[in-house]
Amino acid sequence: MSNPAELLSFDVATLAENFRRKMLSPVEVTDAYLAQIERLEPKLRCYITVTADLARASAKQAETEIASGNWRGPFHGIPVGLKDLCSTKGIRTTGGSKILADSVPDFDCTVWARLAEAGAVLLGKLNLHEFAAGATNTNQHWGVCRNPYNTDRIPGGSSGGSGAAIVSRMAAATIGTDTGGSIRIPAAFCGCVGMKQTYSRVSRYGVLPLSDSLDHAGPITRSVRDAALMLQVIAGHDPNDATSSHEPVPDYASVCGREVKGMRLGVVRELTVGLSSEVASSFNGALAKLSEIGAEVTEVSIPVIEHIAGISSTITFVEAAEYHQSWLRTRPGDYGIDVRRALEAGMLTPGPLYVRAQRARSVMLAQALTALERCDALVAPTTAIPAPVIDVGARAKLPTGEAVDMVAAILRFTAPFNVTGQPALALPTGLSADGLPLSMQIIGRPFDESGVFQIASAYEAARGPLPEPKAL
Amino acid sequence: MARLTPETVKVLAHQLYDYDLSDDSAVSVAHIVGAMTHYLRRLDALPLGGLQPPFGYATIVAEAQRINRGKK
C-alpha cells in the first residue's frame, strides 16, 4: 500500500506498469483520486458529476480481472474523467448547460465506449464552458472552474475541467474537445499536455457538437506518453461517424523517447507577433532547447492566418446555431448571455459567407503543407498570454483590469489548426514570473501524430519536470 | 465594417426565424455579424474561385448508409 500523494504522482504509463505487475491496485488508486476530488472540488469546480460508486465498482472489477491474468492494456484500471459533452449511458450529460441539466443518454459516445472497453475507470463528468462555446470555463450554471496554479485565473476552455483536473491530480487522464483550441488552451493555461489529433482520426459519435466540421475529441494528460497511450485507445474508424477516417492507427507510444536530431521545425511567423514578453521569452527558450537536442529550427509562413477570426468564427457560429436552433427558439433564457449571442449571430450570418469560409480552409491547409515541405513539423506558442483573470462569461481580464481580446490573445494561435484539421499538441515550456504555466504547440502533417509525439516527448524530457501548483 | 443596424437584425431574426431579439442582444449581434461579414469580405483577396468547399460526397453516402442501417 502506497501513500495517497505517491499514488497521485504516477502518470498513466507508470500506473499501468504497476497494475500489470500487481504492485498497485486500481481500487487504492481510485480511492486516492476520489479523496482528492472530495478535498479540492469545492475550490476548483472541475466536475459536474462525480461517479464515485461506479468508479469503485469498475476499479474492483479491474482489480479482479488483472489478478486473474486478464490485463486488458495500459488503460485497465486507470481513473479518468470525461468532458461533460461526452454522452454516457445512464449518466447525466449536461454539456455544461441548464438546458440539458437532467439529460441522461441511453448510449455511450464512441470515445467512452473504447476507453471503457480498455478497462478505464470513470471518475465523473468534467466541467466546461457552456456547450463548449467559449474559452474561459466561467460557467454560470455549474460553477466557475478555476486554475490550479492560481485560483483567480481561468483554467481556459472550453475543456477547463479536463485541464484543471489533470494538474490538481483529480484524474489520471481526461478527454477534452477542441473546436477552436478547447483542448490546447486549458492544457496551456493549466500546465499539462493537450493533443488535438487530425480531424477524423477520433470518432465524434455521441459527443455533443459545437461545430461538426471543426470539432475534435482528444486527450488531456500529464505527459506526452500518456497522451499517446490514450489516443491509441480512442483512435480509428467508427461506422457511427461518417467523417471518421479509415487511416491505419500506428503505435503512438513507440516513438516517445526517440531523438529528434536532424528533424526540421518551422516556426510559424504569423504566430510569433503580439506575444507577451514572458510567452515570447519562454517560447524562445523552448526553441533553444529543441536546437540543443539536435532539431533544426527555421521560419515558415502561413499568411492566410491573418483571416482566421472570420473563417473560424463564421463556421463555428453558423454550425452551432443550426444545432441549437430549436432550443434557441423555445428556451433562449436558459443560455448564458455570451453563448446565446454567439448563437444568435450564427443565425444571422449569410449562407454565402459560410461557404466562402469553408472554401478558405483549403487555402490555409495548402499554405501549411507548403511550409511542411521544408519541415517535419511546425511550432508556435499556444497562446499569447498566460492564464488571464476570471471575469464574466466568455470574458477575461489582464491583471491590470483591461479586457482580454480573446481572439487576438488566444484563438488566433489555436484555431488555424482546427480549420486545417492538422494534429496539434500543446505542452508546457515553463512558468511565468507569477508562477503561471506557459506553453507551445507542435503541429504536424495530417495523420502524422507520431511525428508530433516524437518531437514533443523529446522536448519534454529535455525540459524536465514542471513545478507543481503551490496553492494545492 | 458592414453596416448592419440593431433594427435590421431584429427584423431579420423575427421574419426569418420568428425569433425576438432583445434590444441589448440586437446591438451585440449586429456588431458580431457586422465584424464577421467584414472579415469574410476580405477573403475576396484569396484565390477561392474553383475551389470545392469541403462537403465530401463520401460523407453523404456514409450517412445515407447509416440512416438505412438504423431502419433494419
- prompt: In peptide B:42-54, how many Cβ atoms from other protein chains are near each Cβ within 10 Å, on average?
  reply: 5
- request: Using just the helices of the protein assembly as shown, give the 222 nm mean residue ellipticity in deg cm²/dmol: DSSP H runs with n ≥ 4 each add -39,500 (n - 2.57), and the total is spread over all residues, rounded to 500.
  value: -13000 deg cm²/dmol
message: Exceeding 30 Å between C-alpha atoms, which entries from my cross-link table qualify? They are A:K22/A:K125; A:K261/A:K397; A:K261/A:K470; A:K89/B:K71.
response: A:K261/A:K397; A:K261/A:K470
- request: For chain A, just list the percent of Cα-Cα distances falling in each 10 Å bin from zero outward, please.
  value: 5, 23, 34, 27, 10, 1, 0
task: Loop only per DSSP, at most 13 neighbouring Cβ atoms within 10 Å: give me the trypsin sites (Lys or Arg not before Pro) in segment A:259-336, ordered by residue number.
output: A:K261
statement: Relative contact order in percent for segment A:4-463 (Cα pairs under 8 Å, 6+ apart) equals 17
field: Residue order, fewest to most surrounding Cβ atoms within 10 angstrom, among A:I443, A:I37
entry: A:I37, A:I443
- prompt: Given the C-alpha centroids of segment A:277-340 and segment A:61-122, what is the distance between them in whole angstrom?
  reply: 28
- line: If one compares the long axis through the Cα atoms of helix B:23-41 with the longest principal axis of the Cα atoms of chain B, the angle in degrees, nearest 10, works out at 60
statement: Listed with the fewest Cβ neighbours within 10 Å leading, A:M406, A:M23, A:M230, A:M440 appear as A:M23, A:M406, A:M440, A:M230
query: Where in chain A are the DSSP H helices whose C-alpha atoms run 18 Å or more along the long axis and whose mean Kyte hydropathy is at least -0.5?
result: A:26-44, A:52-67, A:277-292, A:308-330, A:351-372, A:449-463
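Values quoted throughout were computed directly from the atomic coordinates according to the rules given, and no laboratory measurement underlies them. As the structure is a computational prediction, the values presented were derived from the model and not from experiment. As a convention, Cβ positions derive from the backbone with ideal geometry for all residues, glycine included, and neighbour counts pool all protein chains shown.
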